[in-house]
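Read through the structure below, which is laid out as structure tokens, and then see the notes.
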Amino acid sequence: MSEQNIDASWPLYEVFVRSSRGLSHVHAGSLHAPDDTMALRNARDLYTRRNEGTSVWVVPADCISSSDPDSKGGFFESSKGKAFRHATYYTKSEGVKHL
Amino acid sequence: MSTTSMHSDAPVSNLDDERAGQERFDQIIAEDSRIEPRDWMPEGYRKTLIRQISQHAHSEIIGMQPEANWITRAPSLKRKMILMAKVQDEAGHGLYLYSAAETLGISRDEMVQQLLDGTAKYSSIFNYPTLTWADVGAIGWLVDGAAIQNQVPLCRASYAPYGRAMVRICKEESFHQRQGWEILYELSHGTPEQKAMAQDAVNRFYGPALQMFGPPDDNSPNSKQSMAWNIKRFSNDELRQRFVDMIVPQAEALGLTLPDPDLKWNEERGHYDFGELDWDEFMTVIKGKGPCNVQRMQHRREAHENGAWVREAAAAYAEKQARRNADAADRQLIGA
Ligand SMILES: [Fe+2]
Ligand SMILES: [Fe+2]
């Protein structure tokens, strides 16, 4: 048996499950698989054993670009301190219905 | 995304049977469940959605113009930041909706082209000018208010990507209406001139805002089918009535009046009666002869053309990066 067949050398896949029609696919976890088809089968077996899903996506992990978890503060800075983006910032209409 | 036989969202894909597809579709609609992009759907349903979602997207994009007109002249830094945040949101709404429409098989380029060459429509409300700062308040309160009234039921639209986009949009809209109402509140509690300016803005935007719900039901031929498909949940007139019922007390809280002599509470119906809207004007604006149609389209075309170098530069940069990465990989292979 060649070394390529040991599980750890299979590419990593990220798994996304849609719990019911109308909802988004949500990240459920990851797994290793030799190819897309096997990844889907494994994802079904691993992440939807209790009817958690109506649809599954598998995406090769190295196809996902991600923000750097350590630079969280800097990367998202521009949306901080902008309370005016929330309705609660506007208090004059308190007590007025449907606003 | 590639589909394998595992894809449980498309149970009829291998049957290749229109009738089975239609049956499954009808069942999903009857259960008030959601259609996902890979489900079989009737051509009319797809076309209707592409038209509605892309026009909705165009409206968000064109809708930035009347308000952006006041960004440089907002009366304070605070108001300027709020207005920028709102206009930025509208750009985002346009992008969510273009993405939702793309799942139906139309390309972004095609939709943009339809807007630029005038074959696609957008909401006629954005063809009115913003003459004073109070207009920014009136737009937030009445135009975003009417949009929200329209959009909340669309969160349950049968086409799932549309519904999901609307959920995001409705969350973000929540501050739009309030900030507009608050602008008018400040003005109507300011000097007599400021109050008059607020009243004038409400007078001009009231009618066009009510027309945002579309023509009266007996003159809205496509509504019936859209309701049968669970895209539309309430008729134009139902939504309009709800909106009027909502804004009357809000206007009172502002200390402003609504420009309709026929507006009065009807005890029997439990609703406000209101006067006939100017549908001739509505049709005139839709046909391109409103006060700002030409200006809005011209500005959009110019913005598109002037942005070409940015798109070209981004593509050239991506290409350069890809080449560099490939070169680096080659060097590693030969051990250089
Ligand atoms: Fe919007
Ligand atoms: Fe808005």
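Some points to look at:
- Residues satisfying the stated conditions in segment B:138-190, i.e. among the acidic types (Asp, Glu) and away from ligand 2 (no atom under 15 Å from the Cβ): B:GLU186
- Scope segment B:168-190; condition more than 13 Å from ligand 1 (Cβ to nearest atom) and within 12 Å of the chain's Cα centre (by Cα); matching residues: none
- Of the residues examined, B:ALA160 is one that is of a type in the set (A, V, I, L, M) and more than 16 Å from ligand 1 (Cβ to nearest atom).
- Residue match in segment B:70-85 (condition: touching a residue at least 12 places away in the same chain (Cβ under 8 Å), more than 10 Å from ligand 1 (Cβ to nearest atom), within 21 Å of B:LEU116 (Cβ to Cβ) and assigned to a helix (DSSP H, G or I)): no
- Those residues of segment A:51-67 which are surrounded by 17 or more Cβ atoms within 10 Å (Cβ to Cβ) and within 12 Å of A:HIS27 (Cβ to Cβ), in sequence order: A:VAL56, A:TRP57, A:VAL58, A:VAL59
- Total residues in segment A:56-89, condition polar (S, T, N, Q) and within 14 Å of the chain's Cα centre (by Cα): 3
- Set side by side, the residues B:GLU268, B:GLU238, B:GLU302, B:GLU319 differ, and just one is without any contact (Cβ under 8 Å) to a residue 24 or more places away in the chain and closer than 30 Å to B:TYR45 by Cα, which is B:GLU238.
- Which listed residue, of B:ALA138, B:ALA165, is within 13 Å of ligand 1 (Cβ to nearest atom), touching a Leu at 6+ places or on another chain (Cβ under 7 Å) and either touching a residue at least 40 places away in the same chain (Cβ under 8 Å) or away from chain A (no Cβ under 14 Å) (or both): B:ALA165
- Residues satisfying the stated conditions in segment B:86-108, i.e. in contact (Cβ under 8 Å) with a residue 60 or more places away in the chain and small (Gly, Ala, Ser): B:GLY92, B:SER99, B:ALA100
Residue-wise test of (1) over 16 Å from B:SER124 (Cβ atoms); (2) surrounded by fewer than 20 Cβ atoms within 10 Å (Cβ to Cβ); (3) away from ligand 2 (no atom under 12 Å from the Cβ).
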{"residue": "B:GLU60", "(1), (2), (3)": "no, no, no"}
{"residue": "B:ALA74", "(1), (2), (3)": "yes, yes, yes"}
{"residue": "B:LYS78", "(1), (2), (3)": "yes, yes, yes"}
{"residue": "B:ASP89", "(1), (2), (3)": "yes, yes, no"}
{"residue": "B:HIS93", "(1), (2), (3)": "yes, no, no"}
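- The residues of segment B:92-112 that are farther than 16 Å from B:ILE35 by Cα and aliphatic (A, V, I, L, M), listed by number, are B:LEU95, B:LEU97, B:ILE106, B:MET111, B:VAL112.
No lab work stands behind these numbers, since they all come straight from the coordinates. Bear in mind the structure is a predicted one, so any value in this text is a computation, not a measurement. All Cβ positions, glycine included, derive from the backbone under ideal geometry; neighbour counts span all protein chains shown.
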